[in-house]
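Visitor: This is the structure I want to talk about, given as structure tokens.
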Amino acid sequence: MKRILSFAFAAVLFVGATAAWMQSPQPKPYKVVFDLTSSDPQDQRAVLRWIKEVSSVNPKNEMEVVMFGRGLDLVVSGKSTMAADVADAMKAANVKFDVCAIAMKNQQVDKSQLLPNVQIVPDGIGEIVSKQNAGWGYIKAIVR
């Protein structure tokens, strides 16, 4: 009887340890800002893919895409070939797309031309620096 109880106890411990090992804890959430200055569809697709991948690791991760220079093309109606993907990415509460007001002025882009829910920041570079000072990670979107 002792042998059966010992075996049963060992089996329960083994199953419990195996289950705990197989359920790796979710990584601690982090915050990352993506710097997009390119109109290259490869770079734009990369940013959208990274958002999905970062979200899949931990849905609580916070992400912000800051666009200036030619990066605005991703979120300008009529220029964006990925408007549906951008809209899909923005469905998550922890994902923001921001454009630089200076770049908008330089490229003569009006707020009405932006995709819905895209926000305007006064200075794209300043926004990125501010995020870095607040402890956010930084990723430059270039895949070439």
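The values are calculated or read from the model by the stated rules, or taken from the named source; none is laboratory data. Just so it is clear, the structure is predicted and the values come from calculations on it, not from any experiment. Quick reminder, even Gly has a Cβ in these numbers, built from the backbone with ideal geometry, and neighbours come from all protein chains shown. Only protein heavy atoms, including side chains, enter the accessible area calculation; ligands, DNA and RNA are left aside. Shrake-Rupley method; radii C 1.70, N 1.55, O 1.52, S 1.80 Å.
Visitor: Considering only residues that are more than 15 Å from Pro27 (Cβ to Cβ) and part of a strand (DSSP E or B), which ones fall in the range 56-71?
Guide: Glu64, Val65, Val66, Met67
Visitor: Now for a separate question. What number goes with the only condition from (1) at pLDDT 95 or above; (2) not in a strand (DSSP E or B) that Ile142 does not pass?
Guide: Unmet condition: (1).
Visitor: Quick check: anything in the range 125-142 of a type in the set (Lys, Arg), open to solvent by 50 Å² or more (accessible area, probe 1.4 Å) and touching a helix residue (DSSP H, G or I) at 6+ places or on another chain (Cβ under 9 Å)?
Guide: The answer is no, given that none of the residues of the range 125-142 is of a type in the set (Lys, Arg), open to solvent by 50 Å² or more (accessible area, probe 1.4 Å) and touching a helix residue (DSSP H, G or I) at 6+ places or on another chain (Cβ under 9 Å).
Visitor: Just for the range 72-93: of the residues that are assigned to a loop (DSSP other than H, G, I, E, B) and open to solvent by less than 50 Å² (accessible area, probe 1.4 Å), which one is modelled with the lowest pLDDT?
Guide: Ala92
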